[in-house]
1. State the number of residues belonging to the range 348-374 that are touching a strand residue (DSSP E or B) at 6+ places or on another chain (Cβ under 8 Å) and either in a loop (DSSP other than H, G, I, E, B) or not assigned by TED's automatic domain parsing to the domain that holds Gly399 (or both).
2. Tell me which residues, restricted to the range 375-391, are in a loop (DSSP other than H, G, I, E, B) and of a type in the set (S, T, N, Q).
3. List the number of the failed condition for His309; all other conditions in (1) surrounded by fewer than 22 Cβ atoms within 10 Å (Cβ to Cβ); (2) in contact (Cβ under 8 Å) with a residue 12 or more places away in the chain hold.
4. Just to be sure I understand the filter: pairs with C-beta atoms under 6 Å, separated by 6 or more residues or on different chains, first member in the range 316-343 and farther than 19 Å from Met482 by Cβ and crowded, with 19+ Cβ neighbours inside 10 Å, second member at pLDDT below 95 and among the charged types (D, E, K, R). Which pairs pass?
Amino acid sequence: MFKKCMAKCYAGPDKNLYLRGKIFYYMIELPRENGKRRYYIKSLHTDNYYEAREKVKDMANNVDKTQINKTFARLRLLLRQLTFEQNSRPIDLKTMCSSNSATTKVYGDINVVNELLKIHDTLNEIKAAMLTPEQKQNLNLLNQIAPKLEILVDNTLNPITSVKTNEKYTIGDVIDSMLKKAKNSPEVNLRKRQLLEKMIGWVDLKTTDKYSKFYTADVIQNINERIGNLNVSGSVKCNYTREMTNLIKFANILDADMYKTNLIELISDFKKTKNSERKPHWPFTESELKQIFSTKNDYFKSRPDVFWHALIGLFVGARCNAAATLQYGDIINENGIDCINFQNNDKTKHLKNDASIRIVPIPKQLLDIGFVDWVNRQKQKLNATDKAHIFPKAITKSGDYEEKYSSRGFIKYIKDIGITAANPNKRLDFHSLRKNANKRYEKLGVPGTIINDIIGWEGRDTREKDYSQNELEELKPYTDKMNYDFLNDEFAYWKKVMKDL
């Protein structure tokens, strides 16, 4: 009777206690939804009244803190949807927090302003001791701008909307300006345009629509949520958000007065996928390699540079960047041995680690296919210097490495001819050629430390990393053992094709 009486006395310290089936529960009323009352109920796992009271105290504090955190998260989101100006120039939220708000003008959507004022009233009823320093700073800012927000409500003013009535730009205009300034290759610009059109299509917009239809907090938040819900890697999500951020930035460049709301902060900062979380690369089978280099396919006829990239990966395990950014001066002859010198001597080269910086004897079969002869003919034909890139299509007009030139084109090619990984948890791409090189050397009986020096792998332990370096004369017999005899007919065909180009 005592427990039952105390548990149903919803006042004082016991107002959140509820007894059901001899077990005490913690119960609070939640904000109504569609006029209906709602409750949060959680078992305290005790039938002891005094123990239940102590547990309720802890839970109440935790729930209060959770609600406070949610409110401040909403506050920060709404503050980002306001426009702050000092001396008729837009400033961001961080500058606003550290500046004198008395000299700052505030603009915003009337619905956002009304919600901020409600939050202002709610937060000022909370004890300061329950707030973190950051929350106190946010509340202090809200207190400073509240009078200005009240003026906006009184005047029912929405300057952002009124300014946009004179806009002259469409979404397509901003995209064109953005891509033009980027100075990418036509292929890259096409991919970026298609990606942007895809994202604005999510919110039922077209490139012919006025940019103001896109330039709203609701639209940006909607697209951001769609990106977050995509079943893709974090790296791909970063690519989506990067293009969306650029689309917002370039509107401000076109007209800083018209597009001054800081909407970029609404876009999430997704983390790139860790290497450990990525699908492992898988080597191609012999039949797949025969299909890739088949004489029936004409892909390499129009892309001889990708052909040589692939062979460099296949014979010495070079990564895509290492193969695609080679310069004429990297093809050397040391003590009568033709070699490839992989080095970080140019801004286009991004070799992964110290082990990737190496000199490798060119395998005999690769020499027989005509790699060095082709390089020398190209150098003489173009009157190129040692610093010139052997494969200039892999370099952008601004002199940077085009990351996707070889790898993306190669991946598309193998997919077009029907080569895909049988296991969905594994992948086939340019890096698979490096796996093939490693497997092939192992099959030919080449020692592991020798393989490390050839393909540029650090090794598993200190002995392999620091004490396994071999001279070129020691590596040469092993690289000459490297061959893909089952591809002899295909290589003979491509040797003739490359010679005639």
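1. Result for the range 348-374: 6.
2. Within the range 375-391, Asn383, Thr385 qualify.
3. Evaluating His309 over (1) surrounded by fewer than 22 Cβ atoms within 10 Å (Cβ to Cβ); (2) in contact (Cβ under 8 Å) with a residue 12 or more places away in the chain leaves (1) as the failure.
4. As it stands, the answer is Thr325/Lys349; Gln327/Lys387, since those pairs meet every condition given.
The values are calculated or read from the model by the stated rules, or taken from the named source; none is laboratory data. Worth saying up front: this structure is predicted, and the values here are computed from it rather than measured. Using ideal geometry, Cβ is built from the backbone for each residue, glycine included, and neighbour counts are taken over all protein chains shown.
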